[in-house]
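Worksheet: the structure to be examined is printed underneath.
The values are calculated or read from the model by the stated rules, or taken from the named source; none is laboratory data. Note that the structure is predicted; figures quoted are calculated from it, not measured. Note that each Cβ is placed from the backbone with ideal geometry, even for glycine, and that neighbours are counted across all protein chains shown. Each accessible area value is taken on the protein alone, full model and side chains, heavy atoms only, with ligands, DNA and RNA left out. Shrake-Rupley method; radii C 1.70, N 1.55, O 1.52, S 1.80 Å.
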Amino acid sequence: MNTKDFTSSLGVHNVTTSYLDEGSKLPLVISPRFDDSLDFLCDWLKANRSLVEKHMLDHGAVLVRGFRINTPPEFERAISSLQPNLSDAYRGTSPRSVFEGTKYTFSAADVPVNYPIGQHLEMSFLKYPPRQLYFGCLKESNSGGGETSLCDFRKVYQDLDPVLRNKFETKKVLYNRTHKKVGDRYTFDVGAKLSWAQMFGTSSEQEVDAICEKEDAPDVHWIGPKKDTFYQEWKDDACQLHPVTMEKVWFNHAQVFHWSTFPAELWYAFTRIGDIRFLLRSIIIAIIAVIKYCVLGHRMALDIRFGDGSPISFSEMSKVRNAVHKNMVFSTWQKGDIMCIDNFSTSHGRQPTYDFGRKILVAWSNPHDKTSTTSRSTASVEEKNSHPYYDARDCENHELKESLSALLVNDQQVPGVIEATPNPSPESTLSGGDAHDLKKDLFLHNNQGSQEDLAKLFSHRHNQTCPSPRLENIFS
């Protein structure tokens, strides 16, 4: 194999991996080693889809960084290479707009960037939330804040106070959803900004009824003086089993739909960034929220309570937030970034900023029926979890592993067994132990070449910015 074949191949040796956060290992970062072009990225993602999805499953999120992505159509092209089954159906809470020249790429949230958005799994309150979520950055924030924060909601479930967690699991949660025909403009309730006409793409109440029936959504009621206000109410589980790993996941929108969230998240932003404007807004909005929701008895456009209708107290919500913030990672954007998220394990949120030039995109995969997982017997899962040597990830989808193995074994650019890969290198923040674990995921077969083949393969030289990779770090 010559140098050109090596550097132009689609094997995993043409990317590097590292961690954005060493402690949580969330997310795994994939960057180019030689070629940072959009064409290479699209081809590589298509060829290594099983590998990327495996890492999304293991780590919760994968950050693709360092490639040349400058426009929404380029972002959509890259995402479509990884996930051909994208969806443009949006029944979430934040107003969004589709970008010109795309079908599946939307603005992340059409609300002021100084509004914090609490951690959540996208559309987790629906029966059919998207299985995967993809964010992209065309312009990063140049001032404090503006990060898309991540959180492993499997860890939140584990860290939540057991008494409170049991209360949520026993009583479940009750959602109330209200949208006007025209959304409110001046409010800190993000859900109230979204009109039902915008959410469903029609101004016909009959068409909305038909859409909800088709999507197996809760019954729609038309309320208000003119009977033109959209209203739904339904009970849901507070936690779910992950559809692949069968781990318990904190799976609801309590930390978004509770009245205390907006001022609390501003307070957290102030303590982290130190911008006095966040503190002042937190105090003012907290006063307004207490008067409006506690004294006057108003409800948010998307309201959440315990399943029996009793309110979630401020103290209980604070315990949830503490478990969430304990496990949060703050991902500072760079232009061209793509964040790929397992929406059934890892939440996202938006940190407030006063940089109004920030431009973030979002796309999502086809929906997945979350109730198909809860219908499985949980007894066997609990039995396995009680075993001292059990790792929930041991029960991952075997087809995914097999396809990953086949992909790597059949890669003609990888001659033979490489027993020492991937090890840490200057281009990777993987520790030796992490690299060894990752190696076991990448190579499972032997006897496909000789050491002489390897010596010939790595005898060439690259330019000064791309030094010749050593055998022990070629897959770092």
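Values computed for the structure shown
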| read-out | value |
| --- | --- |
| Test: residue in region 167-184 that is more than 30 Å from residue 113 (Cα to Cα), within 25 Å of the chain's Cα centre (by Cα), among the hydrophobic types (A, V, I, L, M, F, W, C) and open to solvent by 30 Å² or more (accessible area, probe 1.4 Å) | no |
| Subset of region 254-272 (residues that are touching a strand residue (DSSP E or B) at 6+ places or on another chain (Cβ under 9 Å) and either surrounded by fewer than 19 Cβ atoms within 10 Å (Cβ to Cβ) or free of Cβ contacts under 8 Å to residues at least 40 places away in the same chain (or both)) | 272 |
| Any hit, region 143-155, residues being free of Cβ contacts under 8 Å to residues at least 60 places away in the same chain, out of contact with any strand residue (DSSP E or B) (no Cβ under 8 Å at 6 or more places or on another chain) and in a helix (DSSP H, G or I) | no |
| Residue in region 19-49 that is most open to solvent (accessible area, probe 1.4 Å), counting only those that are part of a helix (DSSP H, G or I) and without any contact (Cβ under 8 Å) to a residue 40 or more places away in the chain | 46 |
| Qualifying residue in region 50-73 (condition: part of a helix (DSSP H, G or I), in contact with a Ser or Thr (Cβ under 6 Å, 6 or more places away or on another chain), of a type outside the set (Asp, Glu) and closer than 26 Å to residue 356 by Cβ) | yes |
| Residues that are within 9 Å of residue 307 (Cα to Cα) and either among the hydroxyl-bearing types (Ser, Thr, Tyr) or assigned to a strand (DSSP E or B) (or both), drawn from region 162-184 | 170, 173, 174, 175 |
| Subset of region 220-266 (residues that are assigned to a strand (DSSP E or B) and of a type in the set (A, V, I, L, M, F, W, C)) | 222, 223, 230, 234, 239, 241, 249, 250 |
| Tally, over region 273-283, of residues that are touching a residue at least 60 places away in the same chain (Cβ under 8 Å) and either aromatic (Phe, Trp, Tyr) or assigned to a helix (DSSP H, G or I) (or both) | 4 |
